[in-house]
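The values are calculated or read from the model by the stated rules, or taken from the named source; none is laboratory data. Given the structure is predicted, the values throughout are model-derived calculations rather than measurements. Cβ placement follows ideal geometry from the backbone for every residue including glycine, while neighbour counts extend to all protein chains displayed. These area figures cover heavy atoms from the full protein model, side chains too; ligands, DNA and RNA do not enter into them. Shrake-Rupley method; radii C 1.70, N 1.55, O 1.52, S 1.80 Å.
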Amino acid sequence: RRPAPDFITVGPMQRAIPSKQFKGQPVVILVAATADSAPLRKEADRIEKLYLDLSARKTVFVSAFTATPGRVASDVPYILAQNGVGVASAFGVAGKEFAVIVIGVDGNVDMVSTQVESAQHILDVINNNGSIQAANRAGLGS
(Lines give C-alpha, C1' and ligand atoms only; values in the text may rest on other atoms or scores of the structure.)
Protein backbone atom coordinates (compact mmCIF):
# COMPACT_ATOMS: atom_id res chain seq x y z
CA ARG A 1 0.00 0.00 0.00
CA ARG A 2 1.23 3.43 -0.91
CA PRO A 3 -0.04 6.46 1.01
CA ALA A 4 -1.45 9.11 -1.31
CA PRO A 5 0.70 12.23 -1.61
CA ASP A 6 -0.72 15.42 -0.12
CA PHE A 7 -2.18 18.03 -2.42
CA ILE A 8 -4.41 21.09 -2.12
CA THR A 9 -7.78 21.60 -3.79
CA VAL A 10 -9.71 24.78 -4.31
CA GLY A 11 -13.19 24.47 -2.85
CA PRO A 12 -16.20 26.74 -2.71
CA MET A 13 -15.44 30.42 -2.26
CA GLN A 14 -11.86 29.69 -3.47
CA ARG A 15 -11.04 28.15 -0.07
CA ALA A 16 -7.96 25.90 0.00
CA ILE A 17 -8.80 22.37 1.14
CA PRO A 18 -5.92 19.97 1.92
CA SER A 19 -6.35 16.41 0.65
CA LYS A 20 -5.89 15.10 4.21
CA GLN A 21 -9.38 16.42 4.86
CA PHE A 22 -10.77 13.72 2.54
CA LYS A 23 -9.44 10.79 4.60
CA GLY A 24 -12.29 8.37 5.17
CA GLN A 25 -13.74 9.15 1.74
CA PRO A 26 -12.70 7.71 -1.60
CA VAL A 27 -11.19 10.26 -3.98
CA VAL A 28 -11.21 10.06 -7.78
CA ILE A 29 -8.75 12.38 -9.52
CA LEU A 30 -8.83 13.06 -13.26
CA VAL A 31 -5.54 14.46 -14.58
CA ALA A 32 -5.31 16.04 -18.04
CA ALA A 33 -3.71 19.01 -19.75
CA THR A 34 -7.04 20.82 -20.19
CA ALA A 35 -10.75 20.40 -19.54
CA ASP A 36 -11.19 19.87 -23.29
CA SER A 37 -9.02 16.74 -23.33
CA ALA A 38 -10.87 13.95 -25.17
CA PRO A 39 -9.92 11.20 -22.65
CA LEU A 40 -10.94 13.42 -19.73
CA ARG A 41 -14.32 14.16 -21.33
CA LYS A 42 -14.84 10.44 -22.03
CA GLU A 43 -13.97 9.46 -18.44
CA ALA A 44 -16.16 12.23 -17.00
CA ASP A 45 -19.10 10.99 -19.12
CA ARG A 46 -18.59 7.44 -17.86
CA ILE A 47 -18.37 8.58 -14.23
CA GLU A 48 -21.54 10.64 -14.63
CA LYS A 49 -23.48 7.48 -15.53
CA LEU A 50 -22.61 5.88 -12.15
CA TYR A 51 -22.52 9.10 -10.14
CA LEU A 52 -25.32 8.06 -7.77
CA ASP A 53 -23.49 4.84 -6.85
CA LEU A 54 -20.19 6.66 -6.43
CA SER A 55 -21.68 9.52 -4.44
CA ALA A 56 -23.44 7.02 -2.14
CA ARG A 57 -19.90 6.10 -1.04
CA LYS A 58 -19.18 9.80 -0.37
CA THR A 59 -16.68 9.91 -3.23
CA VAL A 60 -14.82 13.19 -3.75
CA PHE A 61 -14.11 14.11 -7.38
CA VAL A 62 -11.04 16.19 -8.25
CA SER A 63 -9.77 17.55 -11.56
CA ALA A 64 -6.08 18.35 -11.98
CA PHE A 65 -5.08 20.27 -15.09
CA THR A 66 -1.45 20.41 -16.15
CA ALA A 67 -1.64 23.14 -18.83
CA THR A 68 -4.77 25.27 -18.68
CA PRO A 69 -7.13 25.34 -15.70
CA GLY A 70 -10.77 24.86 -16.45
CA ARG A 71 -13.96 23.20 -15.35
CA VAL A 72 -15.03 19.65 -16.15
CA ALA A 73 -18.27 19.85 -18.13
CA SER A 74 -20.32 17.46 -16.03
CA ASP A 75 -23.14 17.25 -13.53
CA VAL A 76 -20.61 15.60 -11.21
CA PRO A 77 -19.18 18.19 -8.78
CA TYR A 78 -15.43 18.23 -9.46
CA ILE A 79 -13.22 20.36 -7.27
CA LEU A 80 -10.00 21.70 -8.75
CA ALA A 81 -6.52 20.70 -7.63
CA GLN A 82 -4.56 23.86 -6.92
CA ASN A 83 -1.39 22.63 -8.65
CA GLY A 84 -2.25 20.17 -11.42
CA VAL A 85 1.37 19.78 -12.50
CA GLY A 86 2.37 18.97 -8.92
CA VAL A 87 -0.46 16.43 -8.57
CA ALA A 88 0.53 14.72 -11.83
CA SER A 89 4.15 14.57 -10.69
CA ALA A 90 3.31 13.32 -7.17
CA PHE A 91 1.25 10.45 -8.57
CA GLY A 92 3.81 9.54 -11.26
CA VAL A 93 1.76 10.58 -14.29
CA ALA A 94 3.60 13.76 -15.30
CA GLY A 95 3.82 14.07 -19.07
CA LYS A 96 0.90 11.68 -19.64
CA GLU A 97 -2.06 12.81 -21.73
CA PHE A 98 -4.54 11.57 -19.15
CA ALA A 99 -4.75 9.68 -15.88
CA VAL A 100 -7.40 8.55 -13.46
CA ILE A 101 -6.36 7.99 -9.85
CA VAL A 102 -8.37 6.41 -7.05
CA ILE A 103 -7.47 7.02 -3.41
CA GLY A 104 -9.19 4.68 -0.96
CA VAL A 105 -10.91 5.55 2.28
CA ASP A 106 -7.69 4.62 4.09
CA GLY A 107 -5.73 7.33 2.25
CA ASN A 108 -3.77 4.86 0.10
CA VAL A 109 -3.47 4.93 -3.67
CA ASP A 110 -5.66 2.09 -4.94
CA MET A 111 -5.40 2.74 -8.69
CA VAL A 112 -3.41 4.82 -11.15
CA SER A 113 -4.32 4.37 -14.81
CA THR A 114 -3.39 6.33 -17.89
CA GLN A 115 -6.29 4.72 -19.76
CA VAL A 116 -9.95 5.71 -19.72
CA GLU A 117 -11.58 3.27 -17.30
CA SER A 118 -15.16 2.14 -16.98
CA ALA A 119 -17.01 3.77 -14.10
CA GLN A 120 -17.88 0.28 -12.89
CA HIS A 121 -14.16 -0.52 -12.61
CA ILE A 122 -13.62 2.65 -10.57
CA LEU A 123 -16.56 1.71 -8.33
CA ASP A 124 -15.16 -1.82 -7.96
CA VAL A 125 -11.77 -0.41 -6.91
CA ILE A 126 -13.50 1.78 -4.31
CA ASN A 127 -15.60 -1.14 -3.03
CA ASN A 128 -12.59 -3.46 -2.85
CA ASN A 129 -10.46 -1.14 -0.71
CA GLY A 130 -8.83 -3.14 2.07
CA SER A 131 -10.35 -1.03 4.84
CA ILE A 132 -13.85 -1.44 3.42
CA GLN A 133 -13.39 -5.18 3.03
CA ALA A 134 -12.16 -5.50 6.63
CA ALA A 135 -15.15 -3.52 7.89
CA ASN A 136 -17.51 -5.68 5.84
CA ARG A 137 -15.95 -8.86 7.24
CA ALA A 138 -16.21 -7.51 10.78
CA GLY A 139 -19.88 -6.68 10.19
CA LEU A 140 -20.61 -10.19 8.90
CA GLY A 141 -19.33 -11.74 12.10
CA SER A 142 -21.76 -9.91 14.36
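Around ALA99, under 12 Å between beta carbons, what's the net of Lys plus Arg minus Asp minus Glu among the other residues?
-2
Counting only pairs 8 or more places apart or on different chains, how many lysine pairs in region 1-125 have C-alpha atoms closer than 24 Å?
So the count of such lysine pairs works out to 5.
Once amide H atoms are placed 1.01 Å from N in the peptide plane, what residues at a sequence separation of 5 or more from ASN83, or on another chain, have their amide H within under 5 Å of its amide H?
ILE8
Which whole-number value in Å³ per residue fits the convex hull of the alpha carbons of the chain?
Enclosed volume per residue, from the Cα hull, is 103 Å³.
For SER89, tell me the accessible area in Å² from a 1.4 Å probe, rounded to the nearest 10.
Using a 1.4 Å probe on the heavy atoms, I get roughly 70 Å².
Which percent, to the nearest 5, of DSSP beta bridges fully inside the chain are antiparallel?
65 percent
Over the chain, with every protein chain in place, what whole percent of the accessible area is carbon and sulfur at 1.4 Å, could you tell me?
The nonpolar share, carbon plus sulfur, comes to 52 percent.
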